[in-house]
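**Student:** Structure below; questions to follow.
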Amino acid sequence: MKKTRMLAASLLLPLTLVAPHAEADTSEGTRLHEVALSAPTAPLTGAHVGHLSVSVHLSNPAGVRVGTALQQLEAGDEQPTSTCPCVRLVRSGPLEIASSDLQAPLQLSAGTPVDGTWTAQVPVTAAQAGTWHVETVGIVPEGDGGDNRFDPPPVPPVVVRGSDPVVLSLVPATRLPVKAGSPVVYRVVARTRDTHRPVPGLRIGVLAWEYCDPHPWGTFVRTGVDGTVRWAYPRSRPGSSVVLRRPLGGDESVVGTGRRGEQTCSPVAPYAGSVTARAARTSVRAGTDVAITGRAGWACRDARPQLQRKVGRAWRAVGRTQVHLQRGPEWLAGCTYRVLATPHAGTNVYRVRQPPTAYGSRAASTRAFHLTGR
C-alpha cells in the first residue's frame, strides 16, 4: 500500500529539468548559477490553466536588487514586459492563438538576496501548447554600462500538451450600420476551438484600442452559461479595433505585468459616414480658387475628405484637403476641413467624398454642387 501511494505521488510531480552547473556574472557582481524549468504533466484541455515553473539561483555580495519599473528583455513594440529579476520564455514552432513569448518576474523563494533561489510560476493554457525554453534571465541594471541580462546555461526545453483551446470572438448584436455617434452592442463569445462548446464563467478583458496589441486591460466581463456576454462599445474611448484578452494572473492593475492568455482583435462595427460641403462662392472668373469648407462626421480622426469633379460620368479627385479636429473629445467632436476648387470656364460639377475611416465610419459623399467659371 505504501509503495502504491509513493508511485501515485511520483506521477503527480512535474517534470523538472535543471541546467548543468554553470556560472555567469554581470559587470557589477550578480552571478547566475543554475536554471531549472518544468511544465505541467497533464495535458491542458479547453479553459484549463497550467503553469511553467522556473527556478533561478542568483547571488550578489551586495544583494540582488528587486526592480519597481517595467523592463523589456527583447526589443520590439509587442514584446512582454515585467519587473526584474525576471525570466523570458519562448515557444518554438508556428504562431498560434496565444503569445509565443512570455516574460515573468522572479520572486525570492529560498535563501537571501545575497545567495538565493528565485522562482516564477507562469500560467499557460491549451492555446500555448508546444515546446518552451528559457531564453533570457534579466536583472535590474547595476550601474552605468552594467549588463542586465544573462544568456542562461543550456536548459533542456519542456513540452506543454494541450487540445481544444478557447477561442474568443466578437459579434455585433446591433443591426448595422448605425447612425454616426450611436452606440453598438456586441456579444463577446467564448467557445472551444474543436468541439465548439460554450465556455461559461470566463473572465475576459475588452478594450477599444487603436492597435491589436494594447497594454491597458480595459473593461472586464464574464461569460454566462451560454459562453457569451453583452458589451457596449464605449464611444468616449477611440479605437479602430476591439481587443479581447483572457487574463491568466499577475497584477492586472499595472501595465505590462498581466499574463496574456487567449486573445483576438476585431475591427469596430461600421457606422454610417457623413460629410458636408459649402462653397464660398458659386460663380467666379475661370481659373480662380474657391474655398470649399465642411465637416466630416463622427469617428473622423484619420479623415481625409476628397474634392471630386465630374468628368463625363466619372468622378475625379482634385485639390488637397486640410483637416482639423474640432475642440472636444476627438471621438465625438467631428472634423472640419478646407479645400480649394479651381473651376474651368462653364459649369463645373463637384462633390466632396469622405473615404471610410479606420475608426469605423463608412464612406460618404455630399450631394453634387455647381461652380460656374465665367
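The values are calculated or read from the model by the stated rules, or taken from the named source; none is laboratory data. These figures come from a predicted structure and were not determined experimentally. In this analysis, Cβ positions are derived from the backbone assuming ideal geometry, glycine residues included, and neighbour counts consider all displayed protein chains. Each accessible area value is taken on the protein alone, full model and side chains, heavy atoms only, with ligands, DNA and RNA left out. Shrake-Rupley method; radii C 1.70, N 1.55, O 1.52, S 1.80 Å.
**Student:** The conditions are (1) under 24 Å from residue 126 (Cα atoms); (2) in a loop (DSSP other than H, G, I, E, B); (3) modelled with pLDDT under 95, and residue 147 fails exactly one of them. Which is it?
**Tutor:** (1)
**Student:** While we're on this one: So, residue 260, is that one open to solvent by less than 50 Å² (accessible area, probe 1.4 Å), modelled with pLDDT under 70 and under 14 Å from the mean Cα position of the chain (by Cα) or not? If you could, list the steps in order and put the result at the bottom.
**Tutor:** On the way: open to solvent by less than 50 Å² (accessible area, probe 1.4 Å): yes; modelled with pLDDT under 70: yes; under 14 Å from the mean Cα position of the chain (by Cα): yes.
Considered against the rule, which asks whether it is open to solvent by less than 50 Å² (accessible area, probe 1.4 Å), modelled with pLDDT under 70 and under 14 Å from the mean Cα position of the chain (by Cα), residue 260 comes out as yes.
**Student:** State whether the residues of the range 152-159 include one that is more than 26 Å from residue 110 (Cα to Cα) and in a strand (DSSP E or B).
**Tutor:** yes
**Student:** In addition: With respect to residue 136, determine if the residue is among the hydroxyl-bearing types (Ser, Thr, Tyr), under 27 Å from the mean Cα position of the chain (by Cα) and open to solvent by 40 Å² or more (accessible area, probe 1.4 Å).
**Tutor:** no
**Student:** May I ask you to verify whether residue 194 is in contact with an Asp or Glu (Cβ under 7 Å, 6 or more places away or on another chain), in contact (Cβ under 8 Å) with a residue 12 or more places away in the chain, over 24 Å from residue 163 (Cβ atoms) and of a type in the set (Asp, Glu)?
**Tutor:** Numbers: in contact with an Asp or Glu (Cβ under 7 Å, 6 or more places away or on another chain): yes; in contact (Cβ under 8 Å) with a residue 12 or more places away in the chain: yes; over 24 Å from residue 163 (Cβ atoms): no; of a type in the set (Asp, Glu): yes.
No; evaluated as a whole, the condition is false for this residue.
**Student:** Among the residues of the range 159-211, write down those that are more than 24 Å from residue 356 (Cβ to Cβ) and among the acidic types (Asp, Glu).
**Tutor:** The answer is 164, 194.
**Student:** Now for a different question. Is it the case that the range 232-245 has a residue that's in contact with a strand residue (DSSP E or B) (Cβ under 7 Å, 6 or more places away or on another chain), modelled with pLDDT of 90 or more and surrounded by fewer than 17 Cβ atoms within 10 Å (Cβ to Cβ)?
**Tutor:** Checking the range 232-245: at least one residue is in contact with a strand residue (DSSP E or B) (Cβ under 7 Å, 6 or more places away or on another chain), modelled with pLDDT of 90 or more and surrounded by fewer than 17 Cβ atoms within 10 Å (Cβ to Cβ).
**Student:** Which of the residues belonging to the range 158-199 are among the charged types (D, E, K, R), out of contact with any Leu (no Cβ under 9 Å at 6 or more places or on another chain) and buried (at least 16 other Cβ atoms within 10 Å of the Cβ)?
**Tutor:** Here is the first cut: in the range 158-199, the residues among the charged types (D, E, K, R) are 161, 164, 175, 179, 187, 191, 193-194, 197.
From the residues that got through so far, the ones that are out of contact with any Leu (no Cβ under 9 Å at 6 or more places or on another chain) too are 164, 175, 179, 193-194, 197.
Of everything in the range 158-199, those that are among the charged types (D, E, K, R), out of contact with any Leu (no Cβ under 9 Å at 6 or more places or on another chain) and buried (at least 16 other Cβ atoms within 10 Å of the Cβ) turn out to be 164, 193.
**Student:** Let me ask you something else. Would you call residue 122 over 28 Å from residue 227 (Cβ atoms) and β-branched (Val, Ile, Thr)?
**Tutor:** On the way: over 28 Å from residue 227 (Cβ atoms): no; β-branched (Val, Ile, Thr): yes.
Judged against the criteria, residue 122 is not a match.
**Student:** Then there's this: Can residue 117 be described as of a type in the set (S, T, N, Q) and open to solvent by less than 50 Å² (accessible area, probe 1.4 Å)? It would help to see each step written out before you state the result.
**Tutor:** On the way: of a type in the set (S, T, N, Q): yes; open to solvent by less than 50 Å² (accessible area, probe 1.4 Å): yes.
Criteria met by residue 117.
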